[in-house]
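Right, one structure below, let's go through it.
The values are calculated or read from the model by the stated rules, or taken from the named source; none is laboratory data. Model, not experiment: these values are computed from the prediction. Note that we place each Cβ from the backbone using ideal geometry, even for glycine, and neighbour counts take in every protein chain shown.
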Amino acid sequence: MLMPKRMKYRKAHRGRMTGAAKGGDYVAFGEWGLVTLEPGWISAQQIEAARVAMVRHFRRGGKIFIRIFPDKPFTKKPLEVRMGKGKGNVEGYVAVVKPGRVMFEVAGVTEEQAREALRLAGHKLPVLTKVVRRDAYDEAQ
C-alpha cells in the first residue's frame, strides 16, 4: 500500500476541493492516460486495486505510471463513540484529485489494450474518469 514514509504532522484538516487541477493535467510519461472529471479522495487501497486491474489485463508487457500519491491522512473515530474528545485516529491515506488530473498512464501496449485497461481501472475509482491520448500539446510541455 502506498503511504508517506514520514510526515511533519500526523493529522490534517479536511480541506476543500474547489477548482481544476493545477498540475499533472497532461500525459507526461506514457501514451495513454486516465483523467478524472470530478473532485474526490482516492484512497491507497483504490489506487492499488486500479493498478492490479491494469496489470492483470496486460498479463505481460506494458508499463504503468501512477501519477498520484496518497499523502493526506484521514481520521475516523471508533464505532459507538460519543462526539468530541478530540480528533480520531488516522485510518489511512488519500490522494486529493481535482478535475483534469491525470491519475494513471500506460505505455508499450496497443490502443485497444490501453483503453480497456484504463476503463477497468476507472471502475475501481470513486470518481468519473475519461481515457485520453498523449498529443502534440502534451509533448510540447
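Applying the selection to segment 22-33, what residues are surrounded by 14 or more Cβ atoms within 10 Å (Cβ to Cβ) and either of a type in the set (D, E, K, R) or modelled with pLDDT of 90 or more (or both)?
ASP25, TYR26, VAL27, ALA28, PHE29, GLY30, GLU31, TRP32, GLY33 - these are the residues of segment 22-33 that are surrounded by 14 or more Cβ atoms within 10 Å (Cβ to Cβ) and either of a type in the set (D, E, K, R) or modelled with pLDDT of 90 or more (or both).
If I ask for residues that are touching a residue at least 60 places away in the same chain (Cβ under 8 Å) and among the β-branched types (Val, Ile, Thr), which ones from segment 23-53 would you list?
VAL27, VAL35, THR36, ILE42
I'm trying to understand the selection: among the residues of segment 92-117, which are aliphatic (A, V, I, L, M) and touching an Asp or Glu at 6+ places or on another chain (Cβ under 9 Å)?
Result: VAL94, ALA95, VAL96, VAL97, VAL102, VAL106, ALA107, VAL109, ALA114.
So if I check each of LYS5, LYS63, which one is without any contact (Cβ under 8 Å) to a residue 24 or more places away in the chain and more than 18 Å from LYS124 (Cβ to Cβ)?
It is LYS5.
Please state which of the following conditions GLU116 fails to meet, knowing it meets all the rest: (1) buried (at least 18 other Cβ atoms within 10 Å of the Cβ); (2) over 30 Å from LYS8 (Cα atoms); (3) without any contact (Cβ under 8 Å) to a residue 60 or more places away in the chain.
The failed condition is (1).
Can you tell me which condition TYR9 does not meet? The list is (1) hydroxyl-bearing (Ser, Thr, Tyr); (2) assigned to a loop (DSSP other than H, G, I, E, B); (3) within 19 Å of the chain's Cα centre (by Cα), and all the others hold.
(3)
Considering (1) within 19 Å of ALA114 (Cα to Cα); (2) in contact (Cβ under 8 Å) with a residue 12 or more places away in the chain; (3) outside any loop (DSSP other than H, G, I, E, B), say which one ARG56 fails and leave the rest.
Here ARG56 clears every test but (2).
Looking at segment 96-111 only, could you name the residues that are of a type in the set (Gly, Ala, Ser) and either more than 17 Å from ALA50 (Cα to Cα) or touching a Phe, Trp or Tyr at 6+ places or on another chain (Cβ under 6 Å) (or both)?
Those that are of a type in the set (Gly, Ala, Ser) and either more than 17 Å from ALA50 (Cα to Cα) or touching a Phe, Trp or Tyr at 6+ places or on another chain (Cβ under 6 Å) (or both): GLY100, GLY108.
Mind checking which residues of segment 48-74 are among the small types (Gly, Ala, Ser), within 11 Å of the chain's Cα centre (by Cα) and either buried (at least 17 other Cβ atoms within 10 Å of the Cβ) or modelled with pLDDT under 95 (or both)?
ALA50
Among the residues in segment 86-109, are any of a type in the set (Phe, Trp, Tyr) and at pLDDT below 95?
The answer is no, given that none of the residues of segment 86-109 is of a type in the set (Phe, Trp, Tyr) and at pLDDT below 95.
Which members of segment 75-105 meet the condition of being without any contact (Cβ under 8 Å) to a residue 40 or more places away in the chain and either part of a strand (DSSP E or B) or under 13 Å from the mean Cα position of the chain (by Cα) (or both)?
Passing the criteria: LYS76, ASN89, GLU91.
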